[in-house]
Structure formats: C-alpha cells, structure tokens
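What follows is calculated from the coordinates using simple rules that are stated; it is not laboratory data. Treat the numbers as computed from the prediction; the structure is a model and nothing was measured. Cβ sites come from the backbone with ideal geometry, for glycine too, and all protein chains shown count toward neighbours.
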Amino acid sequence: MIEFYYCPAPNPAKVALFLEETELPYELVPIDTRKGEQHAPAFTAINPNAKAPALVDGDATIFDSNAILLYLAEKTGRFMPTTPAERAQMYSWLMFVATGIGPFSGQAVHFTHFAPEPKEYAVNRYEFEAWRHWSIIDAQLARHRYMLGDEYTLVDMAVWGWARAVPFILGAQAWEKLPNVKRLLDEINARPAAQSAEALATRHAFKAEMDDDARKALFPQNARLGI
Ligand SMILES: N[C@@H](CCC(=O)N[C@@H](CS)C(=O)NCC(=O)O)C(=O)O
C-alpha cells in the first residue's frame, strides 16, 4: 500500500489528484506543517527537504510533487504521452511548473500575505514573476485544450494544484486576465477525482491558526532576525 504524506496545499494536491484519477490504493499520512511535523526525523528520513508531499511505495521512497507525478505516471502507464516529441513537451512544461509556477507563486504568497514590512521590492519582484509565469500557461491553454494538446495529462494535474490558489497568489481579479487557466481549473474541478482530492483536507484536523509556533515551523529563517 502506498503511503502518501500529505498536507492541504498546492503541491500535495497535485499528487492527490493523480492518485484519485488512477484509483491507486493509498494510505493518507497527515503532515501538519503548522505544527512542525515536516521537521520530525521520521519524516526527514523520507523527505530530507522537510516538505509535503512525499510517497513511500514498497521499497521506493520519493519526494517533490512533480517527481512523484512522473513516478506514478511511469508506474501506471497513465496520463503521460508516449512519443519522444510529446515527452519533450511534457518534460518542458512539467519543469516549468516545478521551477517557475510553484516557486514564484509560493514566494508571491509569502511576501504578499506573510512577510513583514518593508516588502515593496520583494512583492513587486515575485508578483511580477508569478504573473509572467501564469500568463505563459494561459497562452498555452489558449492554443490547446490541455497543456500538452488534446489529452489530459500529469502536466494539467501539476497546473491544477497551483491554479486553485490563483486568487490568493495574484488577487481576486486575476481570473479576468487568465481565462484559459480558469477554464482548465473549472473543467478539472468538475472531475470526481478532483473532488475526492479536495476532500482529503477534511480527513484530518489540520491546524488552522497561523500563530507564533506555526510561523517558527514554516519560516525558520526569521529566527536569524529575532522575529
Ligand atoms: N518542491 C516541493 C515543494 C513542496 C512544498 O513547498 N510543500 C509545502 C506545502 S505546498 C510544505 O511542505 N511547506 C512546509 C514548509 O515549508 O515548512 C514540491 O513540489 O513538492
């Protein structure tokens, strides 16, 4: 049985969607990041980066959401194109999500919603880059129904994980400028697998408060500034 280390956030959500789409049996293992459970030695033995998601599948241990998507696609032979030309596009767009959409969206959220003042320079930098990356996704989806063309693939699942958070990342009006991302989000949201993936968040009483302990667990760098 696959062990799926999960918290209710964009990167674990992608993996939840893939597991639900393929109906692979799995056991949910909650990692409550606001309680600091990501730093427990038993978990960092699985993911040295101390972040969710991670997966243990028999003797295979894997961390980082996009690596997990590739692993599961290879394991099941599903949601992954077959020709070298299609695979080339898949790797490009998956890495674009992994190295662009995720980090810039995450930092835009951090500086917009959580960082102390002064933060104008950082907010401007990360919000600009998050917009730039999302606009590239939107343009791709203006040309194609799905990220790789006519087929729903793991890349759409990777985009879905973060697209759910676009209003929090870019502001309430963001959908006016990203209509194609919104179309894909709505289409995937209507799938039963997406609804099951979203429902995982209610299976465990994850800590909701962003109190001092949560900030220490999530933003350990602040200790160096005495805040
Ligand atoms: N590159 C990693 C990033 C994972 C990540 O940032 N996970 C967040 C939840 S979306 C987390 O565990 N945060 C806790 C922390 O930063 O301490 C991936 O794609 O899996």
Using only the Cα atoms of the range 151-201, what do you get for the radius of gyration and for Dmax, in Å?
11.1, 30
For the pair residue 191 and residue 215, the simple spin-label estimate (label points 7 Å beyond Cα toward Cβ) gives in nm 3.9
Please provide three numbers in whole Å: the alpha-carbon extents of the chain along the principal axes, with the largest listed first.
53, 43, 29
Quick one: what does P(r) look like for the range 178-227 with 5 Å bins over all Cα pairs, in whole %?
4, 16, 14, 11, 12, 12, 16, 10, 5, 1
List residues of the range 87-126, by number, whose backbone nitrogen lies under 17 Å from a label position 7 Å along Cα→C-beta of residue 227.
107-126
Computed about the Cα centre, the charge dipole of the range 84-190 from +1 Lys/Arg and -1 Asp/Glu charges at the Cβ has a magnitude in debye, to the nearest 20, of 80
Report the extension gain between residue 199 and residue 129 in nm, rounded to one decimal, defined as 0.36 nm multiplied by the number of residues separating them, less their alpha carbon distance.
22.1 nm
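How do 133, 110, 39 rank when sorted from fewest to most other Cβ atoms within 10 Å of their own Cβ?
Values: 133 21, 110 16, 39 13.
Placing the least packed residue first, the sequence is 39, 110, 133.
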By a straight-distance test (C-alpha under 28 Å), which lysines pair with residue 119 as possible cross-link partners, with residues fewer than eight away in the same chain excluded?
35, 51, 177, 207, 216
Pop the C-beta distance of residue 145 and residue 172 into the FRET formula with R0 = 30 Å and round what comes out to the nearest 0.05.
0.70
Stick to Cα atoms and the Kirkwood definition of Rh, then tell me Rg/Rh for the range 1-122.
1.02
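Set the Förster distance to 35 Å, then compute FRET efficiency between residue 122 and residue 45 from the Cβ-Cβ distance, nearest 0.05.
Details: r = 33 Å, r/R0 = 0.95.
Computed FRET efficiency for residue 122 and residue 45 comes out at 0.55.
Using unit Cβ charges (K, R positive; D, E negative) and no other charged atoms, how large, in debye to the nearest 20, is the dipole of the chain about its Cα centre?
On the way: 22 positive and 28 negative charges, 97 e Å.
Magnitude of the dipole: close to 460 debye.
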Charge dipole (the chain, unit charges on Cβ, about Cα centre) - positive-most of 97, 12, 122
122
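Please state, rounded to one decimal and in Å, the Kirkwood hydrodynamic radius that the range 84-190 gives when every pair of distinct Cα atoms enters the mean of 1/r.
Working: mean 1/r = 0.0708 Å⁻¹.
Taking every pair of different Cα atoms in the range 84-190, averaging 1/r and inverting gives 14.1 Å.
How much of the DSSP bridge set in the chain is antiparallel, in percent, rounded to the nearest 5?
Values: 8 of 13 bridges.
Here the share of antiparallel DSSP bridges comes out near 60 percent.
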